[in-house]
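These notes are about the structure you will find just below.
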Amino acid sequence: MKVEQSKIKIIKWTARILALGLLLFSLPFYFGYGNPIPFLNPDYSFLDNLWLLIFPLVFISLALGWKYEKIAGYLLIISISTGLLATVIIENEFIFEMIIPLFIGILYLITAFNKNN
């Protein structure tokens, strides 16, 4: 189903603004974690290391979505879904904060599939 172009423009800029805000907010936390390179610190659990692998993909995808919405949307959804699924299976918890980048990935895909080329 095609959506009219004015709505697509709103969705596109909503995704971009949310992505920029999330990048500016979360990058200091990522680098402030200590050693953000996964599997170097033996004190980190498997989930810590998994999320340390996923977060760079999320950051790259958030920035990549400004130009390549489809690739960024797929990368965001796959990486975050993998982390959320592992967290639910291993710790029986759901990280609700990760819904925000997942939502941005969905917005990127909506934009990508409704472009007029």
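Taken together, the values in this text are just the output of simple stated rules run on the coordinates, not laboratory data. None of the values given here were measured: they were computed from a predicted structure. Positions of Cβ are generated from backbone atoms using ideal geometry, with glycine treated the same way; all protein chains shown enter the neighbour counts.
The conditions of being among the polar types (S, T, N, Q), out of contact with any Asp or Glu (no Cβ under 6 Å at 6 or more places or on another chain), exposed (fewer than 14 other Cβ atoms within 10 Å of the Cβ) and without any contact (Cβ under 8 Å) to a residue 60 or more places away in the chain are not met by residue 61. Condition first: under 26 Å from residue 114 (Cβ atoms), surrounded by 14 or more Cβ atoms within 10 Å (Cβ to Cβ) and under 14 Å from the mean Cα position of the chain (by Cα). Can you find one or more residues in the stretch 92-99 that meet it? Checking the stretch 92-99: at least one residue is under 26 Å from residue 114 (Cβ atoms), surrounded by 14 or more Cβ atoms within 10 Å (Cβ to Cβ) and under 14 Å from the mean Cα position of the chain (by Cα).
For (1) under 20 Å from residue 94 (Cα atoms); (2) without any contact (Cβ under 8 Å) to a residue 60 or more places away in the chain; (3) of a type in the set (S, T, N, Q); (4) in a helix (DSSP H, G or I), each residue gets a yes or a no:
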position	(1), (2), (3), (4)
22	yes, no, no, yes
38	no, yes, no, no
41	no, yes, yes, no
66	no, yes, no, no
